[in-house]
Amino acid sequence: MVGAINDPEIVADFQWVFEENPRQPEVEQRLDRLVPAREDESLIDPRIQKIVALIRDEPDRNHTQAELGAALGLSPSRVLHLFSEQIGVPYRRYRMWKRLWLSAERLHASDSMTTAAMESGFADATHFSHAFRDTFGVNPAPVFRKIERFERVV
């Protein structure tokens with residue numbers, strides 16, 4: 001389970017989306033700040049790039065430490081340590097961020113929270129909703145309702 005975000009700036013960003021009527025580029029810019037990004041991805045260890053690709057290509061899989069270690073030829077604990085060192089956040093948190101972000105993209109495409117959640121690796125819409133609320137401290141439905149509204153106008 002990923003812990004709650006206690007960063008006041010992140011909470012304020014989600015409150016801003018919920019309470020205001022922002023334009024899509026403004027929302028995307030704020031949300032992109034939530035996951036640390038490397039300026040030059042070529043600086044990331046190729047083994048860690050492989051894990052990032054696994055998360056992207058198979059969002060519904062929960063790769064175990066042992067699987068990751070075996071795939072990279074490293075001990076399970078070394079894989080997770082190297083991942084955190086290279087990416088800037090722990091593996092499980094990164095995987096959750098990716099799933100949450102993918103859910104948002106798929107929700108926009110399908111307009112079904114259940115479909116978007118399941119295609120992004122969550123067991124169901126309730127699991128997605130709980131993960132979103134546990135992570136950001138707000139219920140996703142009103143947030144995505146706002147995003148949906150301005151995207152249809154644009």
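The values are calculated or read from the model by the stated rules, or taken from the named source; none is laboratory data. Because the structure is a prediction, the values reported are computed rather than measured. When we count neighbours, we look across all protein chains shown, and the Cβ atoms used for this are built from the backbone with ideal geometry, even at glycine.
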- request: State which residue is farthest from the chain's Cα centre (by Cα) when the search covers only region 92-134 and only residues that are among the acidic types (D, E) and over 25 Å from I48 (Cα atoms).
  value: D111
statement: Given (1) in contact with a Phe, Trp or Tyr (Cβ under 9 Å, 6 or more places away or on another chain); (2) part of a helix (DSSP H, G or I); (3) not aromatic (F, W, Y), V138 misses just (2)
message: Just to be sure I understand, how many residues within region 105-127 are in a helix (DSSP H, G or I), hydrophobic (A, V, I, L, M, F, W, C) and surrounded by fewer than 19 Cβ atoms within 10 Å (Cβ to Cβ)?
response: 2
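Here is a yes/no grid of residues against (1) closer than 22 Å to E119 by Cβ; (2) over 17 Å from the mean Cα position of the chain (by Cα); (3) surrounded by 14 or more Cβ atoms within 10 Å (Cβ to Cβ); (4) at pLDDT 90 or above:
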site	(1), (2), (3), (4)
L43	no, yes, no, no
I51	yes, no, yes, yes
D60	yes, no, no, no
H63	yes, no, yes, no
G73	no, yes, no, yes
S77	no, yes, no, yes
E85	no, yes, no, yes
V89	no, no, yes, no
- prompt: Can you name the condition, by its number, that V138 falls short on among (1) at pLDDT 85 or above; (2) surrounded by fewer than 17 Cβ atoms within 10 Å (Cβ to Cβ)?
  reply: (1)
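So that you can scan it fast, the table gives a plain yes or no per residue for (1) touching a residue at least 12 places away in the same chain (Cβ under 8 Å); (2) touching a helix residue (DSSP H, G or I) at 6+ places or on another chain (Cβ under 8 Å); (3) in a loop (DSSP other than H, G, I, E, B):
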position: I48; (1), (2), (3): yes, yes, no
position: R56; (1), (2), (3): yes, yes, no
position: L74; (1), (2), (3): yes, yes, yes
position: S84; (1), (2), (3): no, yes, no
position: V89; (1), (2), (3): yes, yes, yes
position: M96; (1), (2), (3): yes, yes, no
position: L100; (1), (2), (3): yes, yes, no
